[in-house]
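Step one of this worksheet: look at the structure below.
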Amino acid sequence: MVSPALLLLAAVLAVPALYVGWLSLAQSTYGQEPRFVGLANYTNILNDPIFWRAFWNTVVVVNAVVYGELLLGLGLAVLIAGWCPCRPLVIALILAPYAITETSGIVMWRYMLEPDVGLITQVLARLGLPQLDWSTKPTHTLLLASSIAIWHHLPFTFLILYSALMTVPRELLEAAAIDGATPWQKFRFITLPVLMPAILIAVLFRYIFAIRMFAEVWLLTEGGPARLSELLAIYLYRQMVKYHDFGAASATGWLMLVFSLLIALPYLRRMFKGVMTHA
C-alpha cells in the first residue's frame, strides 16, 4: 500500500542524491563530459584553507543560532504559558517574522544597521554605544547574521515548545505546589521532562536548517571581506556558480550532508531510546 509513496520518495530524493554523489567523484563543468577522478575533489576541498574557515564559521553560527533560539523560545513559551496579558496579541507578535520573506527581513535589518544612515545605528550613537560594523568586521557580520536567523526562525521553535508546554499535566504542578515545590523545582522535575522530546525535535530540525544558512551572510557581505565571513553554503555556491566546478560543489554538498548526519545522530539516538522506553 505504501510502495507508490516510497517509490516517489526514492525518485525525488534518493536518485538525485546518488547522482550528486557520483558527480562528486568526477571533474565536471560546462561544455565537457564528467571525467572520473576518484577522491580528488574531496582532497582538494579538505586541503583548502577557505573551506576550513567556512566550516568553523558555520560551526560557530549554527550553535549560536540553535541554542540561542532554543533558550529564547523556551523562555517565551514558559512566560506566555503562565500569566500573560493580551496573550493572543503577544503570540501574534512572536509569529510575525514568519509572515515576512527571508530576503525582505534580511534587507530590512541591513538598512536599519547601515554604518552611516541606519536607524538602529543612529540610536546606538545617541546612546553612546558602539555601532555594529558588520560591513568590514567578519565577527560582526556573523553576529548580525546569527541574530537575524534567530529573529526570523524563532516562531518555529516557539510553536513546538509552546504546544508541548500546553500538554504538561496541571494536576502534577498543583500537587507539587501543595508539597512545597519551588517554581524552579516544578520546572526542573515536571515540566522539563515533558518538554524534552519537543526540545530534541526542535534542536534537530534547526540544526539541519541552520547548516544550510546562506542568505543571511550573502545579502550582508557575500562572505566578505576577503571571504572571512563565508559559510559552507556560500562556499558551495561559489564552487557551483562562480567557478562552474560541479564536482567540487557536489563534494562540498556531500561533506555538508555528513556533517549534518554527525550532528543528528546523537539526537536521533536519544529520541529512539525515548520511543522504545515508552513502547
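The values are calculated or read from the model by the stated rules, or taken from the named source; none is laboratory data. Note that this is a predicted model, so its numbers are computed, not measured. FYI the Cβ positions are ideal-geometry reconstructions off the backbone, even for glycines, and counts take in every protein chain you see.
If you check Thr29 against the conditions, is it over 30 Å from Ile150 (Cβ atoms) and either in contact (Cβ under 8 Å) with a residue 60 or more places away in the chain or of a type outside the set (A, V, I, L, M, F, W, C) (or both)?
Judged against the criteria, Thr29 is a match.
Among the residues that make up region 17-25, is at least one of them surrounded by 11 or more Cβ atoms within 10 Å (Cβ to Cβ), of a type in the set (A, V, I, L, M, F, W, C) and in contact with a strand residue (DSSP E or B) (Cβ under 7 Å, 6 or more places away or on another chain)?
Yes, region 17-25 contains at least one residue that is surrounded by 11 or more Cβ atoms within 10 Å (Cβ to Cβ), of a type in the set (A, V, I, L, M, F, W, C) and in contact with a strand residue (DSSP E or B) (Cβ under 7 Å, 6 or more places away or on another chain).
Scan region 130-178 for residues that are farther than 30 Å from Val217 by Cβ and hydrophobic (A, V, I, L, M, F, W, C) and jot them down.
Ala164, Leu165, Met166, Val168, Leu172, Leu173, Ala175, Ala176, Ala177, Ile178
Residue check, Asn41 against (1) free of Cβ contacts under 8 Å to residues at least 24 places away in the same chain; (2) more than 26 Å from the chain's Cα centre (by Cα); (3) surrounded by 13 or more Cβ atoms within 10 Å (Cβ to Cβ), all met but one. Which one?
(1)
Restricting to helices (runs of 4 or more DSSP H) lying wholly in region 171-279: which have 1 or more residues that are modelled with pLDDT of 85 or more and under 25 Å from Ala77 (Cα atoms)?
In region 171-279, 183-186, 192-211 are the helices (runs of 4 or more DSSP H) which contain 1 or more residues that are modelled with pLDDT of 85 or more and under 25 Å from Ala77 (Cα atoms).
With region 1-89 as the region, which helices (runs of 4 or more DSSP H) entirely inside it contain at least 1 residues that are in contact with a helix residue (DSSP H, G or I) (Cβ under 6 Å, 6 or more places away or on another chain)?
In region 1-89, 15-23, 40-46, 49-81 are the helices (runs of 4 or more DSSP H) which contain 1 or more residues that are in contact with a helix residue (DSSP H, G or I) (Cβ under 6 Å, 6 or more places away or on another chain).
Filter region 1-52 for residues that are among the acidic types (Asp, Glu) and either touching a Pro at 6+ places or on another chain (Cβ under 6 Å) or within 15 Å of Leu236 (Cα to Cα) (or both) and give the result.
Within region 1-52, Asp48 is the sole residue that qualifies.
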